[in-house]
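Structure first, then comments.
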Amino acid sequence: MTGTGRVTVLPLLHTWPDQYGILAYTTLGAFGDTAVIGYVPLPAIADLPLMDIAARHHPRKVYGSAGGPGYAEACWLLCTGWSGRVIRKPGSLELHHAHWALEPDSTTHLYKTTYGHDRLHTGRLTLTNPELMTQAHDLLRSGGA
């Protein structure tokens, strides 16, 4: 899956207290009705199982289970990506016209529109411009985490 558009890139604390990865959030569709949230691969860090990371935060306590399997976890990830865009952490990246590619791990169809989205694709996301990938990797090296 590929696309071009606005991509928000931010550090993600995935294992307490100090293991960070890099999360990227973007959208597809004429109205951004499909969210794409991926982890940016890093040589020294194993792939991040985003739905498992979300599950560790007990999202059913907030979002319930009426939406079926994976719904609450998808909502938690959507909240993380969306809020990372709306309230940017210093050092995060806001790329307005970036080319990206996603190797999907999962797709969740939401039973109701959540954070403006009807579905979520997760997986490994790469920015096709090598300079932008370097900037994303630099988020962890420069103390953005």
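P43 meets all of the listed conditions (1) buried (at least 19 other Cβ atoms within 10 Å of the Cβ); (2) without any contact (Cβ under 8 Å) to a residue 24 or more places away in the chain; (3) within 18 Å of R141 (Cα to Cα) but one, namely (1).
Would you point out which residue out of T8, T27 is polar (S, T, N, Q), over 17 Å from K89 (Cβ atoms) and surrounded by 18 or more Cβ atoms within 10 Å (Cβ to Cβ)?
Working: T8 fails: over 17 Å from K89 (Cβ atoms).
The conditions single out T27.
Does R124 fit the bill of being under 21 Å from D47 (Cα atoms), free of Cβ contacts under 8 Å to residues at least 12 places away in the same chain and of a type in the set (D, E, K, R)? Against the criterion (under 21 Å from D47 (Cα atoms), free of Cβ contacts under 8 Å to residues at least 12 places away in the same chain and of a type in the set (D, E, K, R)), R124 does not qualify. Residues in the range 93-145 that are surrounded by 13 or more Cβ atoms within 10 Å (Cβ to Cβ) and on the phi > 0 side of the Ramachandran plot were compared, and the one that is nearest to the chain's Cα centre (by Cα) is G123. For the range 102-145, residues that are under 18 Å from D33 (Cα atoms), hydrophobic (A, V, I, L, M, F, W, C) and modelled with pLDDT of 95 or more total 2.
Would you mind stating whether E94 is free of Cβ contacts under 8 Å to residues at least 60 places away in the same chain, among the acidic types (D, E) and more than 12 Å from V36 (Cα to Cα)? Here the answer is no, as E94 does not meet what is asked. T2 fulfils the conditions (1) over 22 Å from L140 (Cβ atoms); (2) crowded, with 19+ Cβ neighbours inside 10 Å; (3) polar (S, T, N, Q) except for a single criterion, (2).
Let me confirm something: among L77, L48, L23, which residue is modelled with pLDDT under 95, of a type outside the set (S, T, N, Q) and within 12 Å of the chain's Cα centre (by Cα)?
Numbers: L77 fails: modelled with pLDDT under 95; L23 fails: modelled with pLDDT under 95.
It is L48.
In the range 52-64, the residues that are open to solvent by 100 Å² or more (accessible area, probe 1.4 Å) reach residues that are assigned to a helix (DSSP H, G or I) with C-beta atoms within less than 7 angstrom, at least six apart or across chains, in these pairs: R60/A72. Checking each residue in the range 91-118 for being within 15 Å of Y63 (Cβ to Cβ) and outside any strand (DSSP E or B) picks out only Y115.
For residues in the range 65-92 being β-branched (V, I, T) and open to solvent by 30 Å² or more (accessible area, probe 1.4 Å), which is nearest to S106 (Cα to Cα)? Of everything passing the filter in the range 65-92, V86 is nearest to S106 (Cα to Cα).
The values are calculated or read from the model by the stated rules, or taken from the named source; none is laboratory data. Keep in mind that this is a model prediction, so the values were computed, not measured. Methodologically, a virtual Cβ is constructed for each residue, glycine included, from the backbone with ideal geometry; neighbour enumeration extends over all protein chains shown. Side chains are part of the model used for accessible areas, which takes the heavy atoms of the whole protein and leaves out ligands, DNA and RNA. Shrake-Rupley method; radii C 1.70, N 1.55, O 1.52, S 1.80 Å.
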